[in-house]
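Working notes, beginning with the structure itself.
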Amino acid sequence: MKKSIELDWANLGFNYIKTDYRYISYWGKGEWDGGTLTEDNTVHISEGSTALHYGQTVFEGMKAYRAKDGSINLFRPEENAKRMQRSCRRLLMPVILTDVFVEAIKKVVKANEEYIPPYGTGGSLYIRPYMIGIGDNIGVKPAEGYLFSIFCMPVGAYFKEGLVPTNFLVSEYDRAAGNGTGAAKVGGNYGGSLLPGSLARERNFSDAIYLDPITHTKIEEVGAANFFGITKDNQFITPLSPSILPSITKYSLLYLAEKRLGLEAREEDVFVNQLDRFTEAGACGTAAVITPIGGIQYKDDFHTFYSETETGPIIKKLYNELTGIQYGDVIAPEGWIIKV
Ligand code: PLP
Ligand code: COI
């Protein structure tokens, strides 16, 4: 008999909750071991581990959703596997094959099934795969051993509950270097974002917006989410840059905007001094889902989009389409939903 978990499912926020099982696998002498589930939520590693000193850490973020019929949906997990492989190559780490990655995700979700928020609560099970360099080391060089793990927890909204607009502050700091690690999901990118994020929140903004590191004229990222805008003539525009994290949600929205909403959808430069071309704007990502952007503070100017309190009609449609697919209420494009 499965135990039942009592949580305030509709008001979870985005917080660590220890669930029962996590997957753990070790790499050494050129290969991964078989991997196993464990109840231990701590890791024991050498003080010399490259992850601790030289940032040899990569991670992913994805979700499992409880559908109306009780089944469990994963949203495009193979894309997370492929992005993790790219991040690993950037930091000279061994890769996890896509099949192994997806099977391990399924195992963790199944083992923690009772933590998946019920259908209709707006919650989901956030899944965090990560890999770190471990072992005795001191020189700046790749580790000889690696740990790959996947844990999960029930979550609700990352920014504000529901489809509620929120404001962001354009930071003077860069998130990533022009030819750096911005396109990889590596720990260092996030360590560097803590100060700008905190400065934005001190001024009552939800997070920092980062400009391109070369010219500081174009929008790149909205905290840990990608930016998109809807133009007056119904185009879906999202920035194109080698230092942006290629968001799986963003690529899904590019597709849905075009194929399901009939918008013209493309990636191109988004100049921060030309925001009045957009009638609506949003942040998108696994954690952020779609968060409407009420306004953006850039130096002394505060630019509002559709409204600081109401969500625009196109963003509402995109949100319903995306979340409808994730929860299984709307027919998904081929291969987007994998059942656990
Ligand atoms: N941008 C950054 C910096 C992120 O950390 C994330 C989160 O993964 C995203 C964008 C959104 O990516 P995805 O839609 O794949 O979750
Ligand atoms: C995600 O959306 O999965 C992220 O990784 C955001 C996060 C760093 C909380």
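The values are calculated or read from the model by the stated rules, or taken from the named source; none is laboratory data. This one's a predicted model, so the numbers in the text were calculated from it and none came from an experiment. Please note: Cβ atoms are built from the backbone with ideal geometry, for glycine as well, and neighbour counts cover all protein chains shown.
Here are the numbers:
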quantity: Pick from the stretch 66-80, criterion more than 14 Å from ligand 2 (Cβ to nearest atom) and under 24 Å from Phe148 (Cα atoms), ranking: surrounded by the fewest Cβ atoms within 10 Å (Cβ to Cβ); calculated: Glu78
quantity: Every pair of residues 6+ apart whose Cβ atoms lie under 6 Å, when the first sits in the stretch 161-187 and is under 29 Å from Gly122 (Cβ atoms) and more than 10 Å from ligand 1 (Cβ to nearest atom) while the second is part of a helix (DSSP H, G or I) and among the aliphatic types (A, V, I, L, M); calculated: Leu169/Ala200
quantity: Filtered residue count, the stretch 203-262, keeping only those that are of a type in the set (Phe, Trp, Tyr), away from ligand 2 (no atom under 16 Å from the Cβ) and under 28 Å from Gln326 (Cα atoms); calculated: 2
quantity: Qualifying residue in the stretch 39-55 (condition: over 22 Å from Pro154 (Cβ atoms), within 16 Å of ligand 1 (Cβ to nearest atom), under 23 Å from the mean Cα position of the chain (by Cα) and of a type in the set (A, V, I, L, M, F, W, C)); calculated: no
quantity: Residue match in the stretch 210-222 (condition: in a loop (DSSP other than H, G, I, E, B), farther than 18 Å from Gly162 by Cα and either modelled with pLDDT under 95 or within 22 Å of the chain's Cα centre (by Cα) (or both)); calculated: yes
quantity: Residues being over 20 Å from Leu74 (Cβ atoms) and either buried (at least 22 other Cβ atoms within 10 Å of the Cβ) or in contact with a helix residue (DSSP H, G or I) (Cβ under 7 Å, 6 or more places away or on another chain) (or both) - total across the stretch 246-263; calculated: 4
quantity: Selection status of Tyr251, within 30 Å of Met93 (Cα to Cα), in a strand (DSSP E or B) and out of contact with any Cys (no Cβ under 9 Å at 6 or more places or on another chain); calculated: no
quantity: Matching option when the condition is farther than 22 Å from Tyr298 by Cα and of a type outside the set (A, V, I, L, M), among Ser171, Ser198, Ser149, Ser193; calculated: Ser149
quantity: Residues (assigned to a loop (DSSP other than H, G, I, E, B), more than 16 Å from ligand 2 (Cβ to nearest atom), surrounded by 15 or more Cβ atoms within 10 Å (Cβ to Cβ) and at pLDDT 95 or above) located in the stretch 270-310; calculated: Val270, Phe305
quantity: Strands (runs of 3 or more DSSP E) within the stretch 26-121 that include 3 or more residues touching a residue at least 60 places away in the same chain (Cβ under 8 Å); calculated: 57-59, 62-66, 72-75
quantity: Residue match in the stretch 262-270 (condition: within 9 Å of ligand 1 (Cβ to nearest atom) and out of contact with any Gly (no Cβ under 9 Å at 6 or more places or on another chain)); calculated: no
quantity: Residue among Ser247, Ser243, Ser198, Ser206 that is out of contact with any Pro (no Cβ under 8 Å at 6 or more places or on another chain) and over 17 Å from Asn167 (Cβ atoms); calculated: Ser247
